[in-house]
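The values are calculated or read from the model by the stated rules, or taken from the named source; none is laboratory data. Given the structure is predicted, the values throughout are model-derived calculations rather than measurements. Neighbour counts are summed over all protein chains in view; Cβ atoms, including those assigned to glycine, are modelled from backbone coordinates with ideal geometry.
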Ligand SMILES: Cc1cc2nc3c(=O)[nH]c(=O)nc-3n(C[C@H](O)[C@H](O)[C@H](O)COP(=O)(O)OP(=O)(O)OC[C@H]3O[C@@H](n4cnc5c(N)ncnc54)[C@H](O)[C@@H]3O)c2cc1C
């Protein structure tokens with residue numbers, strides 16, 4: 001109860017800061033409406049010139065790469081979630097918009113999940129929220145050139161997904177398909193015979209049904225999407241800072257809650273410490289902080305006492321690193337054709353063509369007892385030989401004879417609570433918003449997540465896709481949102 005009230009308080013105070021300016025200027029204009037039209041036009045022109053001035057100041061500061069001491073909205077993490085959030089905040093708020101700063105510790109993104117992702121886009125999920133977010137992801141890619149210009153390209157390959165199910169998974173596949181269709185996805189169910197006709201390269205032993213995406217599904221280049229969104233966000237006035245957030249600074253406020261005389265202190269934070277590449281430490285004050293630190297979110301949350309404090313603060317952010325291997329192999333036989341879909345076997349093993357010359361990529365999430373250590377990104381090639389290749393060879397006879405050429409690994413931003421994104425305001429810190437834990441399906445959802453976070457901040461709630469059920473609160477009240485179609 002106390003924390004709910006505190007949350008509301010904190011939300012109100014942080015939101016007020018941002019909106020005061022807009023509210024003031026629009027009420028001035030309303031008053032002016034009753035005044036002489038010439039004076040009103042003059043006031044509007046004056047306002048526009050002032051806006052141009054402040055926008056010019058912002059771009060000057062960007063050009064000189066000066067370090068900001070204050071920002072309206074601080075985004076920690078410049079991967080796809082943080083960058084998309086920054087893009088949407090500026091896109092939605094326009095010229096008179098909020099001041100947004102993204103802090104990223106590694107602009108080469110060498111270990112960031114975004115750049116090590118496979119880049120798949122599908123609507124074949126079991127939760128309406130995931131289906132809707134991926135539909136918007138597809139729409140965003142379709143209209144990329146309208147937003148970012150004629151040269152915008154993320155190399156989208158629209159070959160669809162093919163999810164296979166055995167007898168035990170067939171019902172679930174049908175239920176998912178119905179839900180996906182009802183929300184606007186375009187996929188079809190194929191029985192064993194239809195699968196054999198359409199995909200003669202496949203051995204359908206043990207397969208009952210397949211669900212094939214007919215449009216809005218495929219794969220794209222995550223690095224290109226990240227760069228486009230970063231360019232868009234920068235053009236709209238976002239500042240990107242190279243540095244690592246190493247701490248939060250706290251302030252205590254007296255609060256009085258009727259009926260609770262014991263808890264009279266609210267400890268909040270509006271300031272972070274940022275370590276620059278030269279070792280220097282600086283601070284930035286902020287009104288709202290968006291935490292988009294992917295697989296490292298638990299560590300950054302601990303700096304804010306989330307997971308180590310009392311009461312609500314004793315609940316950790318359930319997101320951790322999980323290493324996932326991706327292997328590239330060459331096949332010379334009668335292989336899946338160039339229009340073959342990303343195929344997910346009933347075992348969870350996936351494969352797709354990488355390009356034209358008989359090259360494929362594949363992967364499989366390990367069993368809990370097989371989870372590899374996460375202290376490095378080395379690739380275990382034995383895992384391909386022992387766990388993946390036998391399944392591939394069984395499903396596609398041509399894969400009996402393959403050569404594993406190379407591989408890479410990346411960290412899933414794994415939500416061990418229910419394997420889904422956590423999107424929303426922290427129940428204690430009303431000015432902290434999380435966008436994390438997407439567990440292997442975040443790239444395709446990033447456009448929708450960035451827009452949703454921007455809506456929370458600028459509109460005070462979700463406006464397009466209702467993501468309330470994916471908020472942090474579900475962890476506190478123990479209402480998991482399981483997604484059965486996790487790869
Ligand atoms: C092998 C693999 C395959 C995948 N395949 C798919 C797929 O097919 N489809 C799909 O939709 N998704 C897929 N994903 C998942 C998807 O890539 C992720 O969900 C998404 O990229 C997460 O983005 P993010 O911005 O949250 O995290 P990240 O990209 O990791 O970005 C977080 C950023 O925060 C920065 N950071 C952390 N701590 C700090 C700090 N203290 N200060 C400053 N900066 C900090 C990090 O340097 C990092 O750049 C896959 C992931 C992997 C690993």
Identify, from the list 136, 148, 156, the residue that is touching a helix residue (DSSP H, G or I) at 6+ places or on another chain (Cβ under 7 Å) and closer than 30 Å to residue 333 by Cα. 156
Name the residue that is farthest from residue 217 (Cα to Cα), counting only residues in segment 422-443 that are assigned to a loop (DSSP other than H, G, I, E, B) and near the ligand (Cβ under 10 Å from one of its atoms). 437
Over segment 393-438, the set of residues without any contact (Cβ under 8 Å) to a residue 60 or more places away in the chain and surrounded by fewer than 24 Cβ atoms within 10 Å (Cβ to Cβ) is 393, 424
If residue 305 satisfies all but one of (1) within 19 Å of residue 75 (Cα to Cα); (2) surrounded by fewer than 23 Cβ atoms within 10 Å (Cβ to Cβ); (3) near the ligand (Cβ under 9 Å from one of its atoms), what's the number of the condition it fails? (3)
Among 135, 127, 89, 121, which is crowded, with 24+ Cβ neighbours inside 10 Å, more than 21 Å from residue 223 (Cβ to Cβ) and in the same structural domain as residue 283 (by TED's automatic domain parsing)? 89
Unique match (being surrounded by fewer than 16 Cβ atoms within 10 Å (Cβ to Cβ), in contact (Cβ under 8 Å) with a residue 24 or more places away in the chain, farther than 21 Å from residue 418 by Cα and not assigned by TED's automatic domain parsing to the domain that holds residue 448) among 174, 164: 174
Hits in segment 318-365 - residues which are in contact (Cβ under 8 Å) with a residue 40 or more places away in the chain, in a loop (DSSP other than H, G, I, E, B) and within 14 Å of the ligand (Cβ to nearest atom): 341, 348, 349, 365
Do we have residue 207 as away from the ligand (no atom under 16 Å from the Cβ), in a loop (DSSP other than H, G, I, E, B) and either outside the structural domain of residue 92 (by TED's automatic domain parsing) or over 28 Å from residue 133 (Cβ atoms) (or both) here? yes
List the strands (runs of 3 or more DSSP E) that sit entirely inside segment 100-196 and contain at least 3 residues that are within 18 Å of the chain's Cα centre (by Cα), under 30 Å from residue 374 (Cα atoms) and within 14 Å of the ligand (Cβ to nearest atom). 100-104
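Residue-by-condition table, conditions (1) part of a helix (DSSP H, G or I); (2) at pLDDT 95 or above; (3) within 13 Å of the ligand (Cβ to nearest atom); (4) in the same structural domain as residue 444 (by TED's automatic domain parsing):
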position	(1), (2), (3), (4)
203	no, yes, no, no
212	no, yes, no, no
226	yes, yes, yes, yes
230	yes, yes, yes, yes
245	no, yes, yes, yes
270	no, yes, no, yes
285	no, yes, no, yes
In segment 467-480, how many residues are in contact (Cβ under 8 Å) with a residue 60 or more places away in the chain, assigned to a loop (DSSP other than H, G, I, E, B) and surrounded by fewer than 19 Cβ atoms within 10 Å (Cβ to Cβ)? 1
Considering segment 66-96 alone, what residues qualify as being more than 19 Å from residue 111 (Cβ to Cβ) and not in a helix (DSSP H, G or I)? 66, 67, 68, 69, 70, 71, 72, 73, 74, 94, 95, 96
